[in-house]
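Here the structure is laid out as structure tokens; the discussion comes afterwards.
Values in this text are rule-based calculations from the coordinates and carry no lab data. Worth saying up front: this structure is predicted, and the values here are computed from it rather than measured. Cβ placement follows ideal geometry from the backbone for every residue including glycine, while neighbour counts extend to all protein chains displayed.
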Amino acid sequence: MTDHAVLLEEVTRTYGNGATEVAALRQVSVGFARGSFTAVMGPSGSGKSSLLQCAAGLDRPDSGAVRVAGQDITRLGEKQLAVLRRDRVGVVFQAFNLVPSLTAWQNVVLPSRLARRRPDPARVRELLRRVGLEGREGHRPAQLSGGQQQRVAIARALLGRPEVLFADEPTGALDRATGHEVLRLLREAVDGFGQTVVMVTHDPEAAARADRALFLTDGRIVDVLERPTAERIGARLGGGR
Ligand SMILES: Nc1ncnc2c1ncn2[C@@H]1O[C@H](COP(=O)(O)OP(=O)(O)OP(=O)(O)O)[C@@H](O)[C@H]1O
């Protein structure tokens with residue numbers, strides 16, 4: 001039996017009601033094996049972000065179960081959920097959630113501090129360097145570009161070495177070289193530390209760094225490619241099967 005870091009069972013998430021009802025996820029069942037790297041792809045509005053939000057415990061499905069390390073997190077209270085997110089899950093989302101009054105460095109170490117861990121300054125420095133923020137450690141979010149803010153969020157998520165890392169378009173706003181470095185960091189998290197990474201991306205080259213690519217359409221997983229290449233992903237996105 002596969003050891004799943006996260007397992008979704010028939011997860012449905014609907015927004016609005018009546019005439020405005022939108023089913024963002026329709027009975028989605030998918031497992032993310034421990035120590036695996038999955039890319040989530042699909043057209044705009046197909047449910048990729050909703051999948052990540054439900055899997056990360058940031059949103060509650062209307063029905064179905066989300067198991068993190070075997071535990072159904074849809075049944076947890078807010079407090080337990082917050083502890084689980086803090087201790088086991090890292091997220092890099094489009095809404096960065098950086099604290100405006102804190103510097104890049106302070107934002108990166110904040111979750112570790114809150115979890116009463118003592119972050120290693122050498123590792124913080126190394127992570128900030130690798131995401132291309134050397135020399136900007138003392139800048140506040142307002143003094144950084146959108147892409148730079150997202151890199152702070154990436155360094156912050158990686159510092160705690162969470163069991164599972166969810167990233168929504170982590171390379172979307174980055175230049176090529178920094179994008180490659182971020183993908184290298186994610187790969188390292190999986191290969192070197194056995195972490196589980198789930199990444200939404202529109203970029204076939206980024207998705208090709210994953211072990212598997214899932215394709216969503218209209219709230220459903222419609223295809224899975226194992227050991228994807230950019231060519232096979234491109235062909236799949238182009239409509240060919
Ligand atoms: N808070 C919300 N309220 C109402 N509808 C929502 C909400 N969030 C998402 N939706 C709808 O649910 C569907 C899936 O949205 P989702 O953001 O998961 O798609 P996505 O694949 O991540 O899209 P994109 O690539 O554009 O980010 C869309 O039709 C969207 O309009």
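When you restrict to C-alpha pairs under 8 Å that are six or more residues apart and normalise by the size of the stretch 146-203, the relative contact order lands at 42 percent.
Count neighbours as other Cβ atoms within 10 Å of each site's Cβ, and list the trypsin sites (Lys or Arg not before Pro) in the stretch 67-117 that are DSSP loop with at most 15 such neighbours. Within the stretch 67-117, the qualifying trypsin sites (Lys or Arg not before Pro) (loop, at most 15 other Cβ atoms within 10 Å) are ARG116, ARG117. Choose one of MET41, GLY31, VAL131: the residue whose Cα lies farthest towards the positive end of the charge dipole of the stretch 4-237 (beta-carbon charges +1 Lys, Arg; -1 Asp, Glu; about the Cα centre). So the residue we want is VAL131.
Take ASN17, project a point 7 Å from its Cα along the Cβ direction, then tell me which residues of the stretch 51-84 have their backbone nitrogen under 15 Å from it. Zone members listed by number: 62-63.
Label positions at ARG161 and ASN97, each projected 7 Å from the Cα along the C-beta direction, are separated by 2.2 nm. For the stretch 204-241, list residues with backbone N below 16 Å from a point placed 7 Å from the Cα of ARG187 toward its Cβ? Counting backbone N atoms under 16 Å from the label point, the list is 204-213, 227-231.
Farthest towards the positive end of the charge dipole of the chain, among the residues VAL109, THR12, LEU185, is the Cα of VAL109, using unit charges on the Cβ of Lys, Arg, Asp and Glu.
Exposed loop sites here mean GluC sites (Glu not before Pro) with a DSSP loop assignment and at most 15 other beta-carbon atoms within 10 Å; the chain contains its longest site-free run at 22-133.
Give, rounded to the nearest 20 debye, the magnitude of the charge dipole that the stretch 4-237 has about its Cα centre when Lys and Arg contribute +1 at Cβ and Asp and Glu contribute -1 at Cβ.
Details: 33 positive and 26 negative charges, 173 e Å.
For the stretch 4-237, the charge dipole is close to 840 debye.
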